[in-house]
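The structure appears below as structure tokens.
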Amino acid sequence: MVTKIQIAGKLKFYSKPYGRQWKWRYQVHGHMIEPKIKIPKGLENAKIIDPLHPETIPKIDLPKWTPPRRHPLLESFFPQLSIKDNPNYHETPIKMFDNSTKFHAGIDQVCLLTKTQPVKGIPSIITNSTHGQDLTSQDEMVKNYLKQSLAFNPTKQPCPSLKIPNDPKFVIGKQYGTPHKRQMFILLNNLIRLSNTNLFKRNHTSLLTREVLENCDLEAIVNRGGEYISIKRNVDFCLFSKTSLPTIVFGQDLEKTSAYEFINMYPIFPTIDLKDQHIYNLEKNCLIDNRSDLNGKIVQTIININDDDFTNEQDVSRLIMLLFGTAYAQANMMKLPVNQDGLLLKPLVVNGISVTNQRFNYATFQLNTLNFKDNKGIKNIVFYDDQGQNEIYMNRPTVDNLPYPTQKNIQRLALRNLQYNPEVFQKFLAYFSFGSK
């Protein structure tokens, strides 16, 4: 007689869920049968790889993968390395000239640092480069460029908050418009294009030998009397050419610079306004721009935009220091020959234009010597424009002469009563076209 236990054993397979029935059946009653390989007659002599028993492939010794310590986006959440962990860290600092440097003694101080004799005025050889050209027909073009830079720019950026000096508590909220540096950048782009058009009329081959680049890095380290000075700036526009600018001062006029005496700043050091820099590499070569398409071209003119509240003399002194660093870096990159006294056999000339809001400053630097151990011997020469009316438009609205100085009111006043100064563009064209053949 069949018992209940035997019946339960027969029905055990069906008492589980369907998914577990075959699993229990395989665990209790057997194993999978390995199928035999059926080889066709045409492949009897061929080498067949059994997929169930493949040949073991020898392992390749690959480099062990080490996962990154942390994701770059999470770097700010972890403690940063100290400045002393940098491989270029030195206990002895050097002096550094950057964008925020303000020379309290002005031109005399920067001439002492660069061993340079200052000369007021623009050289006649530069002003004669545009002699005989009628630029009155282009005044309307420059006026339109001014209006475009002031108001007709579609990109709106957050402007800094304006404060009224007479009422410090009254602060205007955030406004969107065109910042001053962006305005001058748009204006300079148009002026450079207009200047190239004038050069193309005179000589169409001049554009083949000249090239304007934006955002060029300048790095140079100068040993001035045993103290190293690092010049590190970003230049907004650089004009490169295959030939250097012609020499301005030579012969007896150059020898007269040895009698020039610098200002005595004792007991203040001339480097008092320069910052201390502990991370530097004295073996690093001078650099003007690391783009490979320059093919050994030489810097002729640099144009820099400043957006700060420096005085006119402080802005000119900063331009002189920038020109000195550019000329020194170019001389080292070209490896110009010098005599036993450190004088260059062929002086190097670089032009410079500095733009602050609506004011243009012009300077020409001639590098004559690479001997900066002392103040003796022949000095370098710099020509700077000392005229007071270098504003491209005279009636720039300020916070003081507006009842409610919003960005729209400033643009509206500048567009309605724009007093254009044509002399500024004439000087700009003279500096830009100087040295073009």
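Using the structure shown, decide if Q109 is closer than 26 Å to T311 by Cα and either at pLDDT 80 or above or surrounded by fewer than 13 Cβ atoms within 10 Å (Cβ to Cβ) (or both). Considered against the rule, which asks whether it is closer than 26 Å to T311 by Cα and either at pLDDT 80 or above or surrounded by fewer than 13 Cβ atoms within 10 Å (Cβ to Cβ) (or both), Q109 comes out as yes. Annotation: K95 fulfils all but one of (1) modelled with pLDDT of 90 or more; (2) in a loop (DSSP other than H, G, I, E, B); the unmet one is (2).
Based on this model, can you work out whether F324 counts as in a loop (DSSP other than H, G, I, E, B) and not β-branched (V, I, T)? Spell out how you get there, then give the answer.
Values: in a loop (DSSP other than H, G, I, E, B): no; not β-branched (V, I, T): yes.
Taking the combined requirement at face value, the residue does not satisfy it.
A quick yes/no check of all residues on (1) part of a helix (DSSP H, G or I); (2) aliphatic (A, V, I, L, M); (3) out of contact with any His (no Cβ under 8 Å at 6 or more places or on another chain); (4) closer than 17 Å to D108 by Cα:
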residue: D341; (1), (2), (3), (4): no, no, yes, no
residue: V350; (1), (2), (3), (4): no, yes, yes, no
residue: F360; (1), (2), (3), (4): no, no, yes, no
residue: N371; (1), (2), (3), (4): no, no, yes, no
residue: D374; (1), (2), (3), (4): no, no, yes, yes
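Among the candidates S82, S76, S100, the residue that is over 30 Å from V249 (Cβ atoms) and modelled with pLDDT under 80 is uniquely S76.
Assess whether D386 counts as being surrounded by fewer than 18 Cβ atoms within 10 Å (Cβ to Cβ), at pLDDT below 90 and closer than 26 Å to I122 by Cβ.
On the way: surrounded by fewer than 18 Cβ atoms within 10 Å (Cβ to Cβ): yes; at pLDDT below 90: yes; closer than 26 Å to I122 by Cβ: yes.
Yes.
Out of D315, D273, which single residue is among the acidic types (D, E), surrounded by 13 or more Cβ atoms within 10 Å (Cβ to Cβ), within 25 Å of Q183 (Cα to Cα) and out of contact with any Leu (no Cβ under 6 Å at 6 or more places or on another chain)?
Working: D273 fails: within 25 Å of Q183 (Cα to Cα).
Selected residue: D315, the only one of D315, D273 that is among the acidic types (D, E), surrounded by 13 or more Cβ atoms within 10 Å (Cβ to Cβ), within 25 Å of Q183 (Cα to Cα) and out of contact with any Leu (no Cβ under 6 Å at 6 or more places or on another chain).
Taken over the stretch 417-433, residues that are free of Cβ contacts under 8 Å to residues at least 60 places away in the same chain and part of a helix (DSSP H, G or I) amount to 1. Annotation for the stretch 207-223: at least one member residue is under 18 Å from C286 (Cα atoms), over 16 Å from the mean Cα position of the chain (by Cα), buried (at least 17 other Cβ atoms within 10 Å of the Cβ) and of a type outside the set (D, E, K, R). In summary, Q426 fulfils each of the numbered conditions (1) crowded, with 18+ Cβ neighbours inside 10 Å; (2) at pLDDT 70 or above with the single exception of condition (1).
Only one entry of F360, F365 meets the criterion of being under 30 Å from L150 (Cα atoms), touching a residue at least 12 places away in the same chain (Cβ under 8 Å) and buried (at least 19 other Cβ atoms within 10 Å of the Cβ), and that entry is F360. Residue count for the stretch 237-262, restricted to those that are among the aliphatic types (A, V, I, L, M), surrounded by 13 or more Cβ atoms within 10 Å (Cβ to Cβ) and under 18 Å from T116 (Cα atoms): 3.
Among the residues of the stretch 112-124, write down those that are surrounded by fewer than 16 Cβ atoms within 10 Å (Cβ to Cβ) and either outside any strand (DSSP E or B) or small (G, A, S) (or both). Step through it out loud before you land on a result.
Narrowing the stretch 112-124 to residues surrounded by fewer than 16 Cβ atoms within 10 Å (Cβ to Cβ): 120-121, 124.
Answer for the stretch 112-124, where residues must be surrounded by fewer than 16 Cβ atoms within 10 Å (Cβ to Cβ) and either outside any strand (DSSP E or B) or small (G, A, S) (or both): G121, S124.
For the stretch 271-295, a residue qualifies if it is under 27 Å from P347 (Cα atoms), outside any helix (DSSP H, G or I) and either among the basic types (K, R) or touching a residue at least 40 places away in the same chain (Cβ under 8 Å) (or both), and the qualifying residues are L282, K284, N285, C286, L287, I288, D289, N290, R291. Here are the criteria: (1) at pLDDT 90 or above; (2) part of a loop (DSSP other than H, G, I, E, B); (3) of a type outside the set (K, R). Tell me which single one S258 does not satisfy. S258 satisfies every listed condition except (2).
Taking the stated definitions as given, is N203 in contact (Cβ under 8 Å) with a residue 24 or more places away in the chain, exposed (fewer than 15 other Cβ atoms within 10 Å of the Cβ), of a type in the set (S, T, N, Q) and within 30 Å of I94 (Cα to Cα)? Talk me through it step by step, then tell me what you get.
Values: in contact (Cβ under 8 Å) with a residue 24 or more places away in the chain: yes; exposed (fewer than 15 other Cβ atoms within 10 Å of the Cβ): yes; of a type in the set (S, T, N, Q): yes; within 30 Å of I94 (Cα to Cα): no.
Against the criterion (in contact (Cβ under 8 Å) with a residue 24 or more places away in the chain, exposed (fewer than 15 other Cβ atoms within 10 Å of the Cβ), of a type in the set (S, T, N, Q) and within 30 Å of I94 (Cα to Cα)), N203 does not qualify.
The values are calculated or read from the model by the stated rules, or taken from the named source; none is laboratory data. A quick note: this is a predicted structure, and the numbers were derived from the prediction, not measured. No Cβ is skipped: glycine too gets one built from the backbone with ideal geometry, and neighbour counts run over all protein chains shown.
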